Every structure is written in structure tokens, then in C-alpha cells.
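Q: Before I ask anything, here is the structure I am working with.
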Amino acid sequence: TVFFLCRCHRCPHLPTRPYEKNEKPCMLSEYMEQYPLHPITLPRGSFKPKEVYKMAQIPMEGISTTKRDYVAREVLPQKLKPLQKHVKRDDSMDLTSTYKQDYNSYPISQVPPCLPRVMRHIPSAKMDAITTYDDDYVLWNEPKTEMIRPDDRFHPSEEKFDHKTIVQDDYLYRGPVATQSCKPLNLVQKSKAPFENITNYRVNYVPHPLEKPYVHKYEKYKVNEVPFDGLTTHKVSYKKLAGQPAKLAKPYQPKILHDLPFSSTTEFQEKYQAWPQPLLFTKKPDVYLPPLEKMDLHTTTQMHYKYPNSKPAKMCRSLAQLKKHTEPFNSSSIMKEDYKPWLCEKLKPITHAPELSFPAKPMDCLTTFQTHYVHHPLTVTKSYKPGWSGPKHDTLLDDKTIYATSYTPKAIVRCLASYKDPPGYVFEGSDADGHNLYLPASKSECLQDDH
């Protein structure tokens with residue numbers, strides 16, 4: 001039996017479920033089992049009436065509201081107002097402003113400080129600057145422990161360093177070596193003829209005189225003397241026809257007239273009527289009667305907390321009772337008295353005398369390239385390539401290669417699993433997993449002859 005495997009075709013059957021052997025193609029898949037097809041129901045028809053446009057049989061009038069209302073008027077040329085010449089005045093400009101007039105400067109007076117004096121009590125005893133850490137944690141008088149680590153430190157040698165390298169010891173200087181130059185001799189003879197600076201560009205491309213550019217002259221605008229008729233191509237071509245005005249396409253709706261008067265009440269006003277609300281109970285406020293006894297203005301703090309052996313606290317004076325100092329403010333400080341600015345002079349930069357001496361002759365502005373590399377005539381070099389002494393073949397080159405002859409293009413072979421009945425094979429049956437089994441046609445005929 002032959003079983004076709006192809007990555008493009010996947011078996012839809014589950015490997016654990018048995019299937020019956022039938023010749024019919026199995027259309028079962030995991031998607032078809034989980035999502036079965038539902039009966040198709042057609043959508044319900046619409047009950048909305050069809051709106052068919054009824055075209056009026058009366059011809060349309062060719063006049064619009066714009067043509068009827070907006071009539072063409074005579075257009076006159078616009079009159080320009082002449083510009084007035086600027087007349088310079090002889091009066092001088094007043095440079096004063098309202099700010100300078102209203103906001104004048106006043107003499108500045110120094111404001112005395114408003115902060116009260118703070119009396120600080122400075123103790124005369126010296127401060128004990130020893131901390132609890134220094135008192136409690138005292139160093140022990142024990143010798144320092146030696147390290148157990150071996151002494152692997154670097155010890156320099158006592159011999160003197162000769163400052164010589166291996167290259168200096170091994171590679172000794174043997175003196176200069178006389179070498180022979182292999183450079184060929186320059187046998188080019190310099191010509192004394194002057195260099196011709198004529199090129200093909202200078203000979204062939206001759207400058208031609210430029211023509212004067214064409215300047216377009218604008219014609220002056222001339223006002224048309226024929227009056228404007230106010231007609232357009234639309235008015236000339238599309239002339240109005242005699243016809244009846246357009247009628248409304250709205251269907252006629254007869255008005256139903258009742259003899260009864262129109263009721264001003266609605267269904268909402270008849271059904272939902274307001275409930276009767278009871279009156280709100282309001283209590284009358286009592287009349288205020290002032291007490292006959294006098295109010296005791298003493299507090300519990302004044303009654304219980306008294307000063308048996310001390311004087312009562314004095315009230316702090318307000319800022320208005322402070323005496324104003326008439327003496328001038330002393331702006332000197334310890335910083336200004338001790339740290340006074342030094343009278344320092346600015347140091348001049350140290351400049352060296354110029355060491356270069358400039359020549360008196362003017363510079364020729366020539367480079368070394370322009371002075372040394374002079375144009376010389378071109379020398380035609382002779383080719384020393386040996387001539388070809390072999391035979392000359394007139395036959396064309398054979399462009400056939402091993403790749404072109406051996407590797408021929410082959411047709412694209414279709415996968416056998418894509419056929420419903422693959423050619424050259426006979427269907428034998430299907431296994432429990434639902435896979436179809438095929439046999440080659442030659443082997444199936446041999447099996448039938450043996451039977």
C-alpha cells in the first residue's frame with residue numbers, strides 16, 4: 001500500500017475515532033463538528049410603501065428667483081479719493097506724559113526696624129564637649145595582631161639598571177650599506193619651445209555677442225464707449241417660454257372641520273391631577289425678654305488660677321507706642337570692617353617680542369607647485385607588448401556549457417494527493433483513521449492474476 005503525504009493537505013479525521021469504509025469522500029473536519037450549519041432563513045420583507053416620484057407633465061419655467069429678483073444694474077467706474085498732501089507743522093512736540101505729571105518722585109527716608117529686641121542669656125560656664133560614645137567606648141591597650149598572609153610583595157633587585165633593551169643587545173648597528181639604484185634613467189629631453197595654452201574648447205567654442213532681451217510693452221487700458229447691455233449667454237440662448245407656473249406635488253389633504261370648540265386640556269392634565277397639599281405647621285417664635293440680672297464676666301481661669309506670690313503680667317506695648325529713632329542708621333558690619341577690599345591693579349599680559357622678521361619686498365603669491373612643476377610637451381610612449389604569432393580562427397565561439405546541456409528545465413510535477421483518483425494507482429480501501437490507501441496499477445494486476 002502507498003500512503004501519500006503532503007504538507008499542503010491535512011487529514012481532517014481524529015486518530016482515536018473509528019470510521020466506516022466507504023468509497024464516498026469524507027467531508028468531516030473539526031470545524032464542521034464544532035460549528036454545524038444552521039437552516040438559512042430569508043429576511044422579512046419591508047412594509048414601507050414605495051415612494052415613486054411622479055413627474056409633472058407641465059413644462060418647467062426657465063426663470064429662477066435669482067433672475068427675477070436680482071436685475072442687472074448699470075456699473076459705473078469707481079471714483080478714487082485724491083490723497084491729501086502731508087503738511088509739516090512748525091510746533092515742537094510735547095514729550096511730557098501723564099505718568100511724569102502725576103507720579104512725582106519723593107525723598108526716600110529710611111524705615112526703622114519693627115522687630116523687638118531679643119534678650120539672650122549666654123552662660124559663663126564652659127561646655128562639656130565629650131560625647132557618651134567617647135566616655136563609654138574606650139580603646140583597649142592590646143598589641144596589634146600580625147597578619148598571617150605570606151610575604152609575596154615585590155622586592156626590586158639591588159643591581160643597577162643598564163637601560164638597554166633586547167633589540168639594542170641583539171641587533172647591533174653594522175654601518176651604512178651601499179645599495180645600487182634600479183631606477184631607469186630619465187632620457188626625456190626638455191624642449192625650449194614655449195608652451196601652447198590653446199585647447200579644443202578655446203578653438204571651437206567662440207563667445208558670441210548676446211542679443212538684447214525682448215521687453216513686452218503693455219498697452220494702455222481704454223474704456224469702452226459702448227454702454228453695457230447687461231445680457232449674458234444664458235439670457236441670450238435660454239429664452240423663457242410661455243407656460244403655467246409649477247404646481248405643488250404634495251397630495252391634497254382635505255381639512256376635517258368640527259363644530260366643537262378646541263379643547264385646551266390634554267390627556268396628561270386630565271389623568272395626572274395635582275394632589276391637595278396640607279398646610280405646613282409653623283411655630284411662632286418666642287418673644288425675647290432680656291435678663292434682669294447682670295452678667296458675670298469672670299472666667300474659670302480668673303477664678304481658680306491666681307498669682308499668690310508674683311506680679312501680674314504686663315501687657316506688651318503695641319507698635320504704635322515704640323519710640324522712633326532719630327539717629328542715622330549705622331550700616332557698618334564686622335564683615336565690612338574686617339574684610340576690606342584691596343587696592344589691586346590689573347596685571348598686563350606678558351607678551352614676547354616678535355622673533356620673525358618680515359621682508360620688505362612684496363609677496364609673489366606663487367606656490368612651489370607653480371614654480372617647480374612646469375608644463376612639458378606630452379611624450380608618446382612606445383608599447384613593448386609582443387605581437388600575437390599564433391593562428392587566427394574565424395570560427396565563432398561555441399556557447400554550449402555542461403550546465404546548459406546537462407541541466408535541462410523540467411516540468412512542475414503536481415502532488416498526487418491533490419487528485420481525487422491519482423493516475424497510475426488503484427484505490428484499495430481506507431484504514432480506521434479515515435486515510436485512503438492506494439496500490440500501483442502494476443502490483444494490483446499481479447495480485448489479481450495470482451488469485
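Q: Residue by residue through region 214-230, what is 3J(HN,Hα) from phi via Karplus (6.51 cos²θ - 1.76 cosθ + 1.60, θ = phi - 60°)? Round to whole Hz and write x for glycine and proline.
A: 6, 10, 6, 9, 7, 7, 6, 6, 10, 6, 6, 7, 6, x, 6, 7, x
Q: Sticking with this structure for a sec: For the pairs Lys81/Lys217; Lys79/Lys222; Lys81/Lys220; Lys79/Lys235; Lys79/Lys239; Lys294/Lys314, note any where the Cα-Cα span goes beyond 27 Å.
A: In this structure, Lys81/Lys217; Lys79/Lys235; Lys79/Lys239; Lys294/Lys314 lie more than 27 Å apart at Cα.
Q: Something else about it: With a 1.4 Å probe and every protein chain kept in, tell me what percent of the accessible surface of region 31-137 is carbon plus sulfur.
A: The computed percentage sits at 59.
Q: Then there is this: Can you give me the three principal axis dimensions of region 199-293 from its C-alpha atoms, in Å, biggest first?
A: Cα spread of region 199-293 along its principal axes, largest to smallest: 132, 81, 41 Å.
Q: With θ set to phi - 60° and the Karplus curve 6.51 cos²θ - 1.76 cosθ + 1.60, what are the ³J(HN,Hα) couplings of region 101-112 in order, to the nearest whole Hz, using x for Gly and Pro?
A: 6, 7, 9, 8, 7, 10, x, 8, 10, 7, 8, x
Q: Under a crude label model (7 Å from the Cα following the beta-carbon direction), how far is Glu428 from Lys190 in nanometres?
A: About 10.2 nm, to one decimal.
Q: Pull up all non-local amide H partners of Val426: gap of 5 or more, or a different chain, and H-to-H distance under 5 Å with H placed in the peptide plane.
A: Answer set, sorted by chain and number: Leu439, Ala441.
Q: Here is a further query. What FRET efficiency comes out for Phe369 versus Trp342 if R0 is 45 angstrom and r is the Cβ-Cβ distance? Round to the nearest 0.05.
A: 0.15
Q: Another question, if that's okay. Tell me, what % of the accessible area of region 345-412 is carbon and sulfur with a 1.4 angstrom probe?
A: Accessible surface attributable to carbon and sulfur in region 345-412 totals 63 percent.
Q: Accessible area per residue, 1.4 Å probe, Å², for region 191-230: what's the number?
A: It amounts to 131 Å² per residue over region 191-230.
Q: Taking the alpha-carbon centroid of each part, what is the distance from region 50-121 to region 266-297 in angstrom?
A: First find each Cα centre; the distance between them is then 58 Å.
Q: Let a ≥ b ≥ c be the square roots of the eigenvalues of the Cα gyration tensor of region 70-174; is it rounded (a/c under 1.5), or, if not, prolate (a/b larger than b/c) or oblate?
A: oblate
Q: May I pose another question? Please state the charge dipole magnitude for region 58-199, taken about the Cα centre, from unit charges on C-beta atoms (+1 on K and R, -1 on D and E), reported in debye and rounded to the nearest 20.
A: With Lys and Arg at +1 and Asp and Glu at -1, about 1980 debye.
The values are calculated or read from the model by the stated rules, or taken from the named source; none is laboratory data. Model, not experiment: these values are computed from the prediction. Cβ atoms come from the backbone with ideal geometry, glycine included; neighbour counts cover every protein chain shown. Areas reflect the complete protein model, heavy atoms only, side chains present, ligands, DNA and RNA absent. Shrake-Rupley method; radii C 1.70, N 1.55, O 1.52, S 1.80 Å.
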